[in-house]
C-alpha cells in the first residue's frame, strides 16, 4: 500500500536537485541592457544584483538625463532577470504554468 511513497520521495529529491542546479545556472548568468542608444549600459547577475554600469561621458554634464536613462536601464535589466527566472521555473515544471496564462 505504501510502496509508492519511496518512489515519490526519490522523485522529490530529484526535483529538488534539478531545481538547485537550475538556480545555480540562473545565478551564474548575466543580463545586460542599454538605454539612450547605448549611452547607459547596466549588467545584472541572475540574482538581480547590479554588477556593472557603463556611462557615456556626455551624460556627466546632464544629471537629469543620466538619472532617467539609468532608471530605465535598471528597470529593464530587472525585468529581464525576472522573466528569465520565470522561464526557468516553468522549464523545471515541464511547461506547467502555475502563474496562469496571462503572464
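The values are calculated or read from the model by the stated rules, or taken from the named source; none is laboratory data. Here the structure is a predicted model, which means the values were calculated and not measured. Virtual Cβ from ideal backbone geometry, glycine too; neighbours counted across all protein chains shown.
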### Message
Suppose we filter the range 54-64 for residues that are surrounded by 14 or more Cβ atoms within 10 Å (Cβ to Cβ) and out of contact with any helix residue (DSSP H, G or I) (no Cβ under 6 Å at 6 or more places or on another chain); how many remain?
### Response
2
### Query
Residues of the range 65-82 being surrounded by fewer than 14 Cβ atoms within 10 Å (Cβ to Cβ) and over 17 Å from the mean Cα position of the chain (by Cα), which ones?
67, 71
### Message
Considering only the range 18-31, I want to know if a residue exists there that is touching a strand residue (DSSP E or B) at 6+ places or on another chain (Cβ under 6 Å) and either on the phi < 0 side of the Ramachandran plot or outside any loop (DSSP other than H, G, I, E, B) (or both).
### Response
yes
### Task
Can you tell me which residue among 48, 37 is surrounded by 14 or more Cβ atoms within 10 Å (Cβ to Cβ), at pLDDT 85 or above and assigned to a loop (DSSP other than H, G, I, E, B)?
48
